[in-house]
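Inspection log for the structure reproduced underneath, given as structure tokens.
FYI, it's all coordinate maths here, none of it is from the lab. What you see is a predicted model; the values in this text were computed from it and never measured. Quick reminder, even Gly has a Cβ in these numbers, built from the backbone with ideal geometry, and neighbours come from all protein chains shown.
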Amino acid sequence: MKFNQAFGTGILLVVSLAVGTLLCEAGARLILSPADYLSPTMMRDEILGISIEPNSSGYDEWGFRNHKVPPTADVVAVGDSHTYGNTAAMSDSWPSVTAQRTGLQVYNLGMGGYGPNQYFHLLTTKGLKLHPKWVLCGLYMGDDFENAFSVTYGLDHWSSLRNGERDNVNVDIWGTSEPPVWGAGVRNWLSEHSIVYRLVLHGPLIAIAKEAIRFRETSAGRDPYTTALIVEDQNIREAFRPLGMAERQDLASGPVREGMRITLHLLTEMDKACREAGCRFLVVIIPTKETVFSEYIEKMPELHLHAELNRVITNERAAKRTLVDFLADEHIAYLDTLPALQNAVKNQLYAQTTRDMHPGKNGYRVIGEAVAQYLNR
């Protein structure tokens, strides 16, 4: 008798938990955007490298981070994770902020890991179908030149852009070299289908606790890959991961020079396509985090990994001079968002984490407002 009661109580508890979880999930989906929390289902693509499955996890029917694909849009934005809005909600990405500040309808074709090749392809195959007045290309100084090289020489679709042949070019930046972990399949499924799971296991409370520990280790110089800039009286508490970043911008590197050549060619083609379609093209230059805080970094040689930080800043300045000179010569409009970001460094512009170097809500707001001011002018 006691066993039957215990069994019945256990079944009731399991059912109650299941019903409660389902109700919480339904409530979360009514209040929150699935695209802000769920991991999308990814597909391999011979042109783009990878893409999001249409209508996956709150994404639109083209597989991008919008509520829907409109028949027309005033503005189309193309770019990488900085345009997509990594670490921020959909409504806080800089294209969304631009829409809010201008009253224009902005469609976001940004995607993490994309570069100039994908920007050009998406503009010509999708973006111009929306008959925009403006096309905004978010060009990230951190890795877009390297990305152009790897995509051009790693995917056969882009072979017409090659200048000779290169061996062993790995284009799969989305893959993982980590060995399989027990239970990963279940966790991945939950990440793609449950907002409650994402909130509980990857929510802000756990993240804050983890990052408090990581920042202490980073501040003490114990992390070989990460360093921190902390200026308490300026409200600055930022982490940096500069290893490898300088090489991706170094014009002394053959692949980076080739990637810049390809990038400049594709920007010219994008500008030409926009002119032919009767819309205007604007290159939105997005700097690295290191350059945004260069005024502080350069005055603090005692910082852990200071030499690597300086190399990023130096190489980026040289690469941007080449980029800006080219755009000016070709009469291609551009907006450098670095001054606006540097003027707002005390506002916690970046995600407060030692693992992800993307802007947070405040950083995207600054970029979006700078773009809006340009368009309103």
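Things to note:
- Take every DSSP beta bridge whose two residues both sit in the stretch 218-377; close to 60 percent of them are antiparallel.
- Highest mean packing comes first when the peptides 41-47, 123-129 are listed by Cβ atoms within 10 Å, giving 123-129, 41-47.
- For the stretch 50-67, Karplus couplings with θ = phi - 60° (6.51, -1.76, 1.60), whole Hz, Gly/Pro x: 7, 8, 8, 4, x, 6, 7, 6, x, 7, 7, 6, 9, x, 10, 7, 9, 5
- Stretch gain in nm, segment residue 170-residue 377, where the contour uses 0.36 nm per residue and the Cα spacing is subtracted: 70.3 nm
- Dipole magnitude for the stretch 32-376: computed about the Cα centre from +1 point charges on Lys and Arg Cβ and -1 point charges on Asp and Glu Cβ, it is near 640 debye.
- Rounded to the nearest 20 debye, dipole of the stretch 332-377 from Cβ charges on Lys, Arg, Asp, Glu: 120 debye
- Around the amide H of residue 139, modelled in the peptide plane, lie the amide H atoms of 284, 285, 286, all under 5 Å away and 5 or more residues distant in sequence or on another chain.
- Rounded to 5, the percent of DSSP beta bridges in the stretch 32-376 classed as antiparallel: 35 percent
- Comparing 371, 323, 114 along the charge dipole axis of the stretch 32-376, the residue lying farthest to the positive side is 371, per the Cβ-charge model.
- Between the stretch 268-347 and the stretch 349-377, the alpha-carbon center distance in angstrom: 13 Å
- Counting only lysines at least 8 places from residue 361 when in the same chain, those with an alpha carbon closer than 18 Å to its own are 289, 346.
- Couplings 3J(HN,Hα) of the stretch 343-360, computed from phi: 6, 10, 5, 7, 9, 6, 6, 10, 4, 7, 8, 8, 10, 10, 9, 6, x, x Hz, in residue order, whole Hz [Karplus 6.51 cos²θ - 1.76 cosθ + 1.60, θ = phi - 60°; x for Gly and Pro].
- Annotation: peptides 78-87, 159-168, ranked by per-residue average of other Cβ atoms within 10 Å with the highest first, follow the order 78-87, 159-168.
- Amide H contacts of residue 334 (H built 1.01 Å from N, in plane; Pro and chain starts excluded): 283 sit under 5 Å, all sequence-distant by 5 or more or on other chains.
- Taking each residue as 0.36 nm, the span from residue 126 to residue 265 lengthens on full extension beyond its C-alpha to C-alpha distance by 48.1 nm.
- In order along the stretch 233-244, the Karplus-derived 3J(HN,Hα) couplings, from 6.51 cos²θ - 1.76 cosθ + 1.60 at θ = phi - 60°, round to 6, 10, 6, 10, 8, 10, 10, 9, 10, x, 4, x Hz, and Gly and Pro are given as x.
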